[in-house]
Amino acid sequence: MIGSMIGEKGEHALVPFFKAIGEMTEADADFLLFGLLKVVTKKLDNGLGWAPLTNGTFVMYGDLGLDTITQIAWESFNHNFASFLAGLRGAGNPGETRMSAASNG
């Protein structure tokens, strides 16, 4: 299931991502996970719209297991930081990377 959500390349990145989370203090891990989940909403049944997944310290829906929550957190991390990390690795357009660096300083 994970592979279908994030693809083969992303699946290999999950191991170090979750290993790093596992080595954090509980407070740091909560800060990271709830920070990633803060921007996520869930579509409600019966056309009631969308609602936040968490209240900042608690996942609001009991039907979401730890496996689903961690996959959602990974997707949030990947969506929000992928282009930044690609730029650091030099995988992005070098011209754009230099421009960004020049405009910051």
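Quick notes on this structure:
- Note on the stretch 22-73: dipole from Cβ charges, positive end direction compared against 36, 61, 48; the farthest Cα belongs to 48.
- Checking every one of the GluC sites (Glu not before Pro) in the stretch 15-89 against DSSP loop status and a limit of 11 other Cβ atoms within 10 Å picks out 23.
- Residues 74, 50 arranged by fewest to most Cβ contacts within 10 Å: 50, 74
- Proximity of backbone amide H atoms, modeled 1.01 Å from N, is registered between residue 42 and 51, 53 at under 5 Å, excluding neighbours fewer than 5 places apart on the same chain.
Quick note: the coordinates plus some simple rules give every number you see, no bench work behind them. None of the values given here were measured: they were computed from a predicted structure. Here the Cβ is made from the backbone with ideal geometry for all residues, glycine too, and neighbour counts use every protein chain on show.
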